[in-house]
Amino acid sequence: SLHLHGLQFNAQRQVHYIAQNGGLYKRPFNESFEETPMLVAVLTYMGYGILTLFGYLRDFLREWKIEKCHNATEREEQKDFVPLYQDFENFYTRNLYMRIRDSWNRPICSVPGARFDVLERISYDYNWTFNYTGKVIQDVINMGSYNYLGFAESFGICADAAAEVTEKYGAGVCSTRQEMGSLDKHEELEELVAQFLGVEAAMTFGMGFATNSMNIPALAGKGCLILSDELNHASLVLGARLSGATIRVFKHNNMQSLEKLLKDAIVHGQPRTHRPWKKILILVEGIYSMEGSIVRLPEVIALKKKYKAYLYLDEAHSIGALGPSGRGVVEYFGLDPMDVDIMMGTFTKSFGAAGGYIGGRKELLAYLRSHSHSAVYATSMSPPIVEQIITSMKCIMGKDGTTIGQDRVQQLAENTRYFRGRLKKMGFIIYGNDDSPVVPLMLYMPAKIGAFGREMLKRNIGVVVVGFPATPIIESRARFCVSAAHTKEMLDVALKEISEVGDLLQLKYSRHKPVPLLDRPFDETTYEETED
Amino acid sequence: LRTFSDLNTMLETQFLFLAPAYHLILEGILILWIVRLLFSKTYKLQERSDLTEKEKEELIEEWQPEPLVPPVSKEHPALNYNIVSGPPNHKIVVNGKECINFASFNFLGLLANERVKNAALTSLRKYGVGTCGPRGFYGTFDVHLELEDRLAKFMRTEEAIIYSYGFATIASAIPAYSKRGDLVFVDESACFAIQKGLQASRSNLKYFKHNDMADLERLLKEQEAEDQKNPRKARVTRRFIIVEGLYMNTGNICPLPELLKLKYKYKVRIFLEESLSFGVLGEHGQGVTEHFGINIDDIDLISANMENSLASVGGFCCGRSFVIDHQRLSGQGYCFSASLPPMLASAAIEALNIMEENPDIFSVLREKCQRIHNMLQGISGMKVVGESFSPAFHLQLEKSTGSRESDVKLLQAIIDYCTDRQIALTQARYLDKDEKFLPPPSIRVVVSVEQTEEELDKAAALIKEAAQHNLH
Ligand SMILES: Cc1ncc(COP(=O)(O)O)c(C=O)c1O
Ligand SMILES: Cc1ncc(COP(=O)(O)O)c(C=O)c1O
């Protein structure tokens, strides 16, 4: 969608700093977004327009062999096959992405901790290929990795424990959980995860992405309805699709939109037949990784209870990173984990490991153990990875007898508030919740995506920039991930450089008129329906 | 009168003049409408204005959903899975009993290899455990690039791409190329990961009988006739044949030379899943292409996991850059998931080193496969399914007892008999309701180079004994 509503010039913007709803929230919910200034929106569209025109021009020149074509090409023997790619399919990649692709996939060669080392690479052919110079850009401040609690470490208790397990078990498992791959280590981890989450039972999987895409199909099917936030992660979308259930999408974090869908679904039943839905499953995330917003969980739970729907909560970014003791978004709002039917999360972020988990009631987990695609067909988790999770989780829980974990959780919360507050003061447009360690800074214009990424690396700071299709077309942004491992000095250096680059690229768009996310206009008459 | 006829001619000429515009507009609207119908599927639900608010509330009040999950009986075999204490090596402790492992896909015994472990350890001390990001966002480590390079060299292809999860490899690769409206010819025995990739692709599927080239050609011919009726559609419909090197579900090898003939005759691309054959078949373990002496460039895409022969975690695809590079922006499991932990990449690199230094290992494995395969022939009531050189093959009941449930129980009794006598085996597990063509229940025997001749003989003898004990 082109988000044309961003263009609407709202002369009487109301400023709401706190949007609370009927006393459901036990704490202030400070989440706001600032509308795209109209001039910026117009210029951004123009920017894409010009890029597209030039794209066509250059495609034309390539066609006539005036410009050199760097694309890999089809084999001679297969030139008469149906082309593997349609021409327009790669238009965007060829003409827009290629210009700025040096801002992505930057190889690193150290721990992805508070600082990391980046391999220097240069391109002599406008980013079609890269050459490694052999030099290493050292001690770059890492504002890009999801290392929320700083557990990406090569020494210390977690790494030591993982090393010991590597010596004993080796790297792989060579079998599935259902055949010969359920190790004692897996059982230990699952007990600990259940305890950590405050649920009856838990199960773990080797990949966070697959945890969603290979378990949702076990929970919903034909005749079921899945209500999914429009900004949900690709893995949730894929899982929903593979399930065969009908999918409807509600506006991001918009409870009116969700309630309308719930109500309509129950009143109207399934399309055509009007048969009642078998069950309704709501898919939401704890922290949205591109938006920095936190799910309005108290309201979602109230709705799911009112309408007897089931709730699937993906805590990939919020587990460890939110809540007074790092238990995630449920603890953050002071809610009961048993009110969430399916507690899902990943170990790739706060725990500095890999994989995902699902927690919930005993019956749910018994069913998943026997029906999860992952349990039956995928190789189980590598033992050293399991050990990294066990030790980091125990550390967060204080089971190691120290307060290291607890301190890190606190440090992250402090760093987050400090970093976000300073950026806002500088005049950047920052999306999301004040407590979210995911901090999107709006860039808008396509030319600024590459410029920001490069300028920051020149100043020894590694940042992530994202544009279409990961974001709406005009809402390109930089994204910082705050970590407990960042010291105040590091954050100050980063802030100083961001401010300088912000001035250089004229990124300080804010007019300090934030509007709560809830007030983003939404079109309530149409929604998507997928039925296959 | 004059004015009237004037008006008439004027209208007529104007109408004629306007006609193309009308046409264009009408056709435009029609096309938009069709596109909308075809793709968006966005529509308003019928408003039920006949219902009052109160009636709606009653409907909401009355609606009772099904439980989130149906109850599972405690007896369900999946809830009574094996627990392995300690490493799942050649010697394995299953449910407290020490056994020889005939169940893990550790064909080359690299799981316990000290060199592999040391490589993983060194890597751990350099990079830590997790990568804390997908490949695009600082999740690309130098070891990932090295592993991709090494895999490409090992397979003698232009490029390789690694995934952090074996299952996600082919399941992500298929939908990166094959889209809605495209055509996929797939073997009925294709493994679950292929099935899920196909489902995600939303392509049109044509299943051919397992390894039956005549049946495949019949489908291709049918399609050819179809194409002649609608050449315009045919020109944009991509087509693929998806097969496995050695089939996970049957242990059979695919007839690759015949498949290639069909590929060029009918202009269909071939994707090959080699999780079982990579690091097993061929003189250097390159897989089924080497086994048949086929130019690897004739295969459009090869995928395999690194969880069997390489005894690590993850998977890879390899082929020409023209094909493979596309996944770096379109492979869902590649783009939207954290990258492979560097220590596991390092383990895989070391495993590749060992494979390259000891090409004999593949012939040793082959001999062991043949040995136990031969000895398991002729058990009354059971049949061996799979090639004699396949390190994973199946033992099925010759005659079903009548229900799948009791077949499974019977096979489990045979396995338990063996486990009690120090041979660890497992049944091949499937999701009965989710498999497109559910394979019959079976015991999957896995051979590894670590098994000695005595152990192979013992296992075969024991299985025979267990079958006799339980089947008669
Ligand atoms: C919400 C969400 N779910 C799942 C995942 C996938 O997790 P993993 O990287 O462990 O595969 C991500 C990762 O980026 C995510 O943001
Ligand atoms: C719970 C429930 N009861 C009753 C109905 C009424 O169905 P209809 O009036 O279309 O037969 C529906 C609608 O589909 C429903 O969902």
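The values are calculated or read from the model by the stated rules, or taken from the named source; none is laboratory data. What you are looking at is a predicted structure, and each value in this text was computed from that prediction instead of being measured. Glycine gets a Cβ as well: all are built from the backbone with ideal geometry, and neighbour counts include every protein chain shown.
Yes or no, residue by residue, for (1) surrounded by 24 or more Cβ atoms within 10 Å (Cβ to Cβ); (2) touching a Cys at 6+ places or on another chain (Cβ under 8 Å):
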| site | (1), (2) |
| --- | --- |
| A:S145 | yes, yes |
| A:L149 | yes, no |
| A:D160 | no, no |
| A:E167 | no, no |
| A:G172 | yes, no |
| A:S182 | no, no |
| A:K185 | yes, no |
In segment A:267-288, the residues that are more than 10 Å from chain B (Cβ to nearest Cβ) and either assigned to a helix (DSSP H, G or I) or within 16 Å of ligand 1 (Cβ to nearest atom) (or both):
A:I282, A:L283, A:V284, A:E285, A:G286, A:I287, A:Y288
Of those in segment A:232-251 that are farther than 20 Å from A:G221 by Cβ and buried (at least 20 other Cβ atoms within 10 Å of the Cβ), the residue farthest from ligand 2 (Cβ to nearest atom) is A:H233
Suppose we filter A:G206, A:G172, A:G198 for residues that are among the small types (G, A, S), more than 25 Å from the chain's Cα centre (by Cα) and modelled with pLDDT of 95 or more; which single one remains?
A:G172
Is it fair to say A:T273 is among the β-branched types (V, I, T) and in contact (Cβ under 8 Å) with a residue 40 or more places away in the chain?
no
Within segment A:69-91, which residues are at pLDDT below 90, out of contact with any helix residue (DSSP H, G or I) (no Cβ under 8 Å at 6 or more places or on another chain) and in a loop (DSSP other than H, G, I, E, B)?
A:H70, A:Q86
Please work out which residue is nearest to ligand 1 (Cβ to nearest atom), limiting yourself to segment A:190-222 and to residues that are away from every other protein chain (no Cβ under 13 Å) and assigned to a helix (DSSP H, G or I).
A:V193
Can you confirm whether segment A:139-153 contains a residue that is more than 16 Å from ligand 2 (Cβ to nearest atom) and without any contact (Cβ under 8 Å) to a residue 60 or more places away in the chain?
no
Among the hydrophobic types (A, V, I, L, M, F, W, C), away from ligand 1 (no atom under 16 Å from the Cβ) and not in a helix (DSSP H, G or I) - does that describe any residue in segment B:74-90?
yes
Just wondering, is there one or more residues in segment B:448-465 that are within 11 Å of chain A (Cβ to nearest Cβ) and within 31 Å of the chain's Cα centre (by Cα)?
yes
If you check B:A78, B:A103, which single one turns out to be at pLDDT below 95, surrounded by 15 or more Cβ atoms within 10 Å (Cβ to Cβ), within 25 Å of the chain's Cα centre (by Cα) and within 7 Å of chain A (Cβ to nearest Cβ)?
B:A78
Please verify whether A:Y357 is away from chain B (no Cβ under 13 Å), among the hydroxyl-bearing types (S, T, Y), at negative phi and in a strand (DSSP E or B), treating the condition exactly as stated.
yes
Only one of B:E217, B:E222, B:E258 is touching a Phe, Trp or Tyr at 6+ places or on another chain (Cβ under 9 Å), of a type outside the set (A, V, I, L, M) and more than 28 Å from A:H373 (Cβ to Cβ). Can you tell me which?
B:E217
Give the number of residues within segment B:106-116 that are surrounded by 22 or more Cβ atoms within 10 Å (Cβ to Cβ) and within 9 Å of chain A (Cβ to nearest Cβ).
5
I need every pair where a residue in segment B:323-342 that is more than 9 Å from chain A (Cβ to nearest Cβ) and farther than 25 Å from A:F351 by Cβ has its Cβ under 8 Å from the Cβ of a residue that is assigned to a helix (DSSP H, G or I) and among the polar types (S, T, N, Q), sequence separation at least 6 or different chains.
B:Q327/B:S172
